[in-house]
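Encoded as structure tokens, the structure appears first; notes follow it.
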Amino acid sequence: MTHHLREEEDENLNNFDNNNNGLTRTTNSGEEESVIRYGIDSEDIIRNYNEENNDDDVIDHPHIVKHHIINNNIQHFSDNKDINNKEEEEEKEERTNPIVVEETKIIEGAIDVDIDHLPEQPENPEQHARQQWGSRLSFILATLGAAIGFGSFVRFPYLAYKNGGGAFLIPYTIALIVLGIPLLILELSLGQILRKSSIYAFEQLQKRSKGIGLVMTLFGGFGICSYYSILISYVFVYAYHMFNTTLPWTGKSEQFFYEVILRKSTSDTEVNELNIPILISLFLVWVTVYFGIWKGTKSTGIITYITVPLPMILFLILFITSFFLEGSFNGMYYYIKPDFTKLADVNIWLSAAGQIFALSLSSGTITALSSFNKPNQDIVKDAWIIGISTYFFSIFAGFCVFSILGYMAHQKGLSVDQVTDSGIGLAFIVLPEAISLMPFPHLFCAFFLLALYTLAIDSCFGMMEGVNAAIHDTFPKLKLHWIALITCFLCFLFGIPYCLDNGYYLMDIVDHWLSDFCLVFSAVLECILIGYLISSESLRTKLKRLFNKNSYQERVLDEEDEEDIGETVVSPISNNEEESNNRRRSGMKRKIRKLWECIKLVAFHSVDEHRLKIKAICQFGPSYDFNLIIKFIAPILLTILFIIALIKEITSPYSTKGKDSKEFDWLSLTIGLSIVCAYFLVLVLLFFFPNILRKRETKVEESEKIDVSVVETTPMSSDDTALRETKEEIELQEVEEESSKVN
């Protein structure tokens, strides 16, 4: 059989050779380069070739194999003659196809494609690809929905009223800027840069820190969501009772809430019945949550376009309506009346610091939601948008609540402080009573309940997305709708104890221990890890490199000074003294700059590496104040907050029996110790045995593993080079700015 090949093909074919590792070709310099195999053995190609051509005489001819590969390459790439266009197509292909073409060279008459290894393609290559938000707005709305919940609507207005009115905005603003925004930037960056949920993001930073991500997910996202959904079930029960001629709680809202809605027992240890209406409502809540998250970012990203703006619109309607009612101005005045003397009370500052956790920090939610972002999204700008939006919504919610309370106080002939309550009582006792006194009470009650429902359900969406993302990272072959079904069913089961007649007490106890201890301590561990333990190099190595660089620069500058002096003509003594002074001043500036670089390196070791990664993808990246806050200020303040809560717990244990009761609350202590022991057990187990919870790798991920010998000989990719150059440019720019300040 005769084969007609062009002269260029014959010349290339003669340079090919078969070896055990695949096909290689010999270059003009005599070096061997690996060539694409496409995952097909030589015998398979020969067999296919002979079946097509009915020629059994060439069964062992390696020349045919090489000829077949080149012809396939020519056919595959013949329509692409421009190298730049081909590289762009390959970049698009890399995002969807696990078979990646690393190097392609176009030769006259033939094309050689260089690939070290090509894995087998999975059955469904898109099955394990990480989701992405449809748009940046979808991510911001989903994160806002997780951050704005009952904490912003119910807790913040009461804290402001109780702690000095408008004066409370001072410590809260400082806490948001010093703690809230930096921690928000930190958690957003962990998810977006590492492309993992909280568990595996922390594992990628430090293998033994996987437990931090797990306790955030279990005791933050999952634990809080299990009882948070009970609050939404109260909304369903209220909506059921709303369909009467007159609202049944008018004039007796407290009695109605405790006896009809909760069927509350007289003690936390007394259990008589299961509240069936709340149980049914809880089931409906988790059905709605499931259909909000069953497709991951696709379903959540769509539904948040409705559920996030809707409560703001409804509360705005309530505020405008109550604004024109008598007594509303008195209520708003009580809300914003400043009492600056209370700023001397340390409890106000602690309350402001604790309120920042309403942003869904330390629950694994923010990290998981940001892991679905595009890698180059400006997370610093996103953090400020989310933080400032939550800040202003909390202030607006206070005006809305207290304008209604002012009207209620005027109608009953009481002062505003006599009708004000905190927490759940404000949302389900005081405000329903106030709305029942308004014109068209059924209409405004529907607005109020719908606003509460959408406000709270968004937080459930965000927290459950964090839990589902962690499970999907562990078992990537599981489909999202099955993961959502399992987690929603488990949360429903864990919520059943709160449906008992003592469930109100249980919810209060669990919320106290999770919010005051677990979330705060998780934030402390997070700051310590980023601030001290994630450096890729030791401090000693960095100092050596810095001193070597500075020594070289000083030698160069001294040689330049000597050359300048040698070239100058003999000048008067005054000129020599001036040159001497200039050299002395420049030498002093270099020493000061060197000392400042050493101080920065020692003070911001570890945390500055993470800051540079954030700055590389953000237009206005964080500066050194981010390092100062994450490494020193945040962990110190949060540790103080944790210690004070611990001291309070020891001196006056938390109790649901009331201040006047002398009976010790053993149930509260038992539940609290169980939560704390389980929390630290998870941390300790995963610290000493990090392989207990291992990620199940897919075929795509297994194929991405590269042999060490290949890594040592493979040149740096263009993306890595660009990232390193970007970091060097950032460092050089910062050094120049500091040098100009020193000068």
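The values are calculated or read from the model by the stated rules, or taken from the named source; none is laboratory data. These numbers come from a predicted model, not from an experiment. Positions of Cβ are backbone-derived with ideal geometry, glycine not excepted, and every protein chain shown enters the neighbour counts. The area values use the complete protein model at the heavy-atom level, side chains included, leaving out ligands, DNA and RNA. Shrake-Rupley method; radii C 1.70, N 1.55, O 1.52, S 1.80 Å.
A few comments on the model shown:
- Some residue of the range 139-146 being over 15 Å from the mean Cα position of the chain (by Cα) and surrounded by 19 or more Cβ atoms within 10 Å (Cβ to Cβ): no
- Flag for Val416 being more than 35 Å from the chain's Cα centre (by Cα), aliphatic (A, V, I, L, M) and either more than 19 Å from Ala239 (Cβ to Cβ) or open to solvent by 10 Å² or more (accessible area, probe 1.4 Å) (or both): yes
- For Asp421, the conditions (1) under 26 Å from Val237 (Cα atoms); (2) part of a helix (DSSP H, G or I); (3) charged (D, E, K, R); (4) at pLDDT below 90 are fulfilled apart from (2).
- Among residues of the range 512-549, those that are among the polar types (S, T, N, Q), touching a residue at least 40 places away in the same chain (Cβ under 8 Å) and either open to solvent by 40 Å² or more (accessible area, probe 1.4 Å) or touching a Pro at 6+ places or on another chain (Cβ under 8 Å) (or both), counted: 1
- The set of residues from the range 456-504 being in contact with a Lys or Arg (Cβ under 7 Å, 6 or more places away or on another chain), open to solvent by 10 Å² or more (accessible area, probe 1.4 Å) and under 23 Å from Ser233 (Cβ atoms) comprises just one member, Tyr504.
- So Asn627, is it open to solvent by 80 Å² or more (accessible area, probe 1.4 Å), outside any loop (DSSP other than H, G, I, E, B) and either of a type outside the set (A, V, I, L, M, F, W, C) or at pLDDT 90 or above (or both): no
- Cross-chain or 6+ apart pairs with Cβ under 7 Å, the range 389-414 first and farther than 18 Å from Phe447 by Cβ, then open to solvent by 10 Å² or more (accessible area, probe 1.4 Å) and not in a helix (DSSP H, G or I): Gly406/Gly327; Ala409/Gly327; Ala409/Ser415; His410/Glu326; His410/Gly327; Gln411/Leu437
- Pairs with Cβ under 6 Å, 6+ apart, first in the range 663-674 and at pLDDT below 95, second of a type in the set (Lys, Arg): Glu663/Lys657; Asp665/Lys657
Conditions (1) crowded, with 23+ Cβ neighbours inside 10 Å; (2) farther than 26 Å from Val308 by Cβ, marked per residue:
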residue	(1), (2)
Ser351	no, yes
Ser360	yes, no
Asn376	no, no
Ile379	yes, no
Thr390	yes, no
Met408	yes, yes
Ile424	no, no
Phe428	yes, no
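- Scanning the range 194-212 for residues that are within 20 Å of Phe461 (Cβ to Cβ), part of a helix (DSSP H, G or I) and either open to solvent by 10 Å² or more (accessible area, probe 1.4 Å) or not hydrophobic (A, V, I, L, M, F, W, C) (or both) yields a single hit, Ser198.
- Condition check for Ile336: open to solvent by 40 Å² or more (accessible area, probe 1.4 Å), of a type in the set (A, V, I, L, M) and without any contact (Cβ under 8 Å) to a residue 40 or more places away in the chain: no
- Looking across the range 644-662, just one residue is surrounded by fewer than 11 Cβ atoms within 10 Å (Cβ to Cβ) and closer than 15 Å to Val346 by Cα, and that is Ile647.
- Pairs meeting the criteria (first residue in the range 245-256 and in contact (Cβ under 8 Å) with a residue 12 or more places away in the chain and of a type in the set (Ser, Thr, Tyr), second residue open to solvent by less than 100 Å² (accessible area, probe 1.4 Å) and outside any loop (DSSP other than H, G, I, E, B), beta carbons under 7 Å, at least 6 apart or on different chains) are Thr250/Ser436; Ser253/Ile429; Ser253/Pro432; Ser253/Glu433.
- Residue that is farthest from Leu437 (Cα to Cα), among those in the range 249-258 that are open to solvent by 30 Å² or more (accessible area, probe 1.4 Å) and in a loop (DSSP other than H, G, I, E, B): Lys252
- Check on Gly221, more than 24 Å from Phe620 (Cα to Cα), part of a helix (DSSP H, G or I), in contact (Cβ under 8 Å) with a residue 40 or more places away in the chain and not hydroxyl-bearing (Ser, Thr, Tyr): yes
- Verdict on Ile404 being among the β-branched types (Val, Ile, Thr), open to solvent by less than 10 Å² (accessible area, probe 1.4 Å) and either under 21 Å from Tyr504 (Cβ atoms) or assigned to a helix (DSSP H, G or I) (or both): yes
- Candidate set: the range 118-138, residues that are in contact with a Lys or Arg (Cβ under 9 Å, 6 or more places away or on another chain), of a type in the set (A, V, I, L, M, F, W, C) and modelled with pLDDT of 50 or more; chosen: the one most open to solvent (accessible area, probe 1.4 Å): Ala129
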